[in-house]
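Shown next, in structure tokens, is the structure this report addresses.
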Amino acid sequence: MADSGRAELPEDLTATERRVWTAFGRGEACDLRARDSRLNDPASDRAWPESRTVRAEVLARLLLDGPPSEPGRVAALKLFGAHIAGTLNLSGGRVQPFVELRDCRFDSQLLLPEGHFHTVRLMRCRIPRIEAARVTVSGDLHLPSCTIPAGIRITDAHIGTDLLLNEIRVGPGRNGQSIAADGLTVAQDIEAELIESTGEISLRSARIGGRLSLRGSTLRNRHGRYALNAARVTVEHTLYLSSGWSSGSYGGSGTPPTGVQTQPFHCEGGLRLDDGRVGNAVVIDKARFELSGSQQVSLRRLQTPELRFALREPPTGSVTLGGARVGKLLDSVTSWPGAGLIDLTGFSYESVTAHGAFSLAERIAWLAKATPEYNPEPYERLALALRAGGEDAEARDVLLARQRRRRETLPTAGRVWGFLQDVTVGYGYRPARAALWMAVLWAFGAAYFLVHKQPPPVDSQASPQWNPALLALDLLLPVIDFGQSDAWRMSGAEQWVAAVITMLGWVLASTVATGASRLLRRG
């Protein structure tokens, strides 16, 4: 700030600029807006009168070397409804006063690179472009409802509290990026709700101490690769890509009031959260993805305690979760695209919950879509998650489906043998079916030995009473001995029937025992 010797008004100021200069030292707002609100839209092409024009060089002098505040006041630039002529260049400067501009129209880009500010609030302004790489703002940086046709660059910037971008309209700048924010650090929240972005929003390696919210936003980048590129982003709390609603004050959070219409998150272009770390949850809910060409929803190696992926309709491109690690997966049957467009390789989750109806048959079909070429891993992962949730029967069905998919890859002999295993014992996952086959074999054996003559005893002095039913049961059940199978000297067809019953008994009994052990472990 300047010393008291610079308190006099410069002689080259216009009458409007003198008003701004005087209000600055008092910390008062200088309101140049017209009484008719229709004449105050900075984004319109309507010409503003000369009385609302303030030169950018005058504002730079005020902010970088302006007059001291009046006694008992705090100097601040509060300017409403101004036409700012020229380029406002504060590059590398240290700005102590509070800055608040509302409904202002800038002729040229705003230059803030490597500057140092306390708090900057630009509301409902039209700014051709904002260049603010490596800027440091110890307080808030607010840009709500601004129109910025050629994009924002805040790479490697440091924001001390919040970054507010709600309801902005931003277009593409250099390299097609609407918001270039790689390496951005924000101590608390980024709120970018209900925004309209044309181009790529790049948040690679950004660090957010609170939440990142793009609820209700529309992101468009049809001809680029990504509409949102947030690879390696770190969000300490929650990432929201879900529906939003306007509260009349730049977006609403929480549950919308009754009757308020919500706006879904809409992404026309790829989404990339590869290698991201989100401390609480990733919420992709009531969202819509329109993808083309190589565009995809890419969540590779994402780590978060909860992933909510509940879309209104399947994306028109692929979804990949390769290597992602999630505590809880909450999804819906409408969230996933068709066969060959889902990648679950290395995707791990501890539990799974459906949003709405999602039958087990549909869940197994989901795995089939994700594995055009047989891969047992997704089946085993789903079975573990179901078993962890107490759904042991459903887990067995998933593992049975895995075996059936594996059978398709085997040669003819293997497929035949696998089919027999499936029909008879369900690959060991149908113990009740094995018990039924044991009952059928018992009945067959008892009937067979009943209609055939009694074989001679091994020991005529110590032979038991002939009992065809006990003999068949003795042959069928391993370990248990009823004293019948070793007491009779069978030959010919009887001997072969006894051998077959004994062999099948071992196979079926082991299947039943395995099923019983699973139930005991569940208990």
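The values are calculated or read from the model by the stated rules, or taken from the named source; none is laboratory data. Everything numeric here is computed off the predicted structure, so don't read it as measured data. Methodologically, a virtual Cβ is constructed for each residue, glycine included, from the backbone with ideal geometry; neighbour enumeration extends over all protein chains shown. Ligands, DNA and RNA are stripped out before the accessible areas are found, and what is left, the full protein with its side chains, is counted by its heavy atoms. Shrake-Rupley method; radii C 1.70, N 1.55, O 1.52, S 1.80 Å.
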Listed residues Ala181, Ala192; which is over 24 Å from Leu311 (Cβ atoms) and either aliphatic (A, V, I, L, M) or crowded, with 24+ Cβ neighbours inside 10 Å (or both)? Ala181
Take the conditions among the small types (Gly, Ala, Ser), open to solvent by less than 60 Å² (accessible area, probe 1.4 Å), outside any loop (DSSP other than H, G, I, E, B) and out of contact with any Pro (no Cβ under 6 Å at 6 or more places or on another chain) and apply them to Gly414. Does it pass? yes
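Within the range 438-454, how many residues are open to solvent by less than 100 Å² (accessible area, probe 1.4 Å) and in a loop (DSSP other than H, G, I, E, B)?
Of the range 438-454, the ones open to solvent by less than 100 Å² (accessible area, probe 1.4 Å) are 438-441, 443, 445-449, 452, 454.
Cutting the leftovers down to in a loop (DSSP other than H, G, I, E, B) gives us 452, 454.
Number of matching residues: 2.
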All conditions in (1) small (Gly, Ala, Ser); (2) modelled with pLDDT of 80 or more; (3) loosely packed, with under 14 Cβ neighbours inside 10 Å; (4) farther than 30 Å from Phe358 by Cα are true of Gly492 except (2)
Looking only at the range 241-286, and only at residues there that are more than 18 Å from the chain's Cα centre (by Cα) and of a type in the set (Ser, Thr, Tyr), the one that is modelled with the highest pLDDT: Thr262
Yes/no for Arg387 being assigned to a helix (DSSP H, G or I), open to solvent by 40 Å² or more (accessible area, probe 1.4 Å), farther than 20 Å from Gln296 by Cα and at pLDDT below 90: yes
Restricting the search to the range 375-384, which residues are under 21 Å from the mean Cα position of the chain (by Cα) and open to solvent by 70 Å² or more (accessible area, probe 1.4 Å)? Arg381
Going through the range 351-374 one residue at a time, which ones are assigned to a helix (DSSP H, G or I) and either more than 20 Å from Arg407 (Cα to Cα) or open to solvent by 30 Å² or more (accessible area, probe 1.4 Å) (or both)? Leu360, Ala361, Glu362, Ile364, Ala365, Ala368, Lys369
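Within the range 75-110, can you find the residues that are under 21 Å from Asn166 (Cα atoms), hydrophobic (A, V, I, L, M, F, W, C), in a strand (DSSP E or B) and open to solvent by less than 50 Å² (accessible area, probe 1.4 Å)? Please lay out each step first, then the result.
First, the residues of the range 75-110 that are under 21 Å from Asn166 (Cα atoms): 78-81, 98-106, 109-110.
When the remaining residues are screened for being hydrophobic (A, V, I, L, M, F, W, C), the result is 79-80, 98-99, 101, 104, 106, 110.
If we keep only those that are in a strand (DSSP E or B) too, we end up with 79-80, 98-99, 101, 106, 110.
Leu79, Phe80, Val99, Leu101, Phe106, Leu110 - these are the residues of the range 75-110 that are under 21 Å from Asn166 (Cα atoms), hydrophobic (A, V, I, L, M, F, W, C), in a strand (DSSP E or B) and open to solvent by less than 50 Å² (accessible area, probe 1.4 Å).
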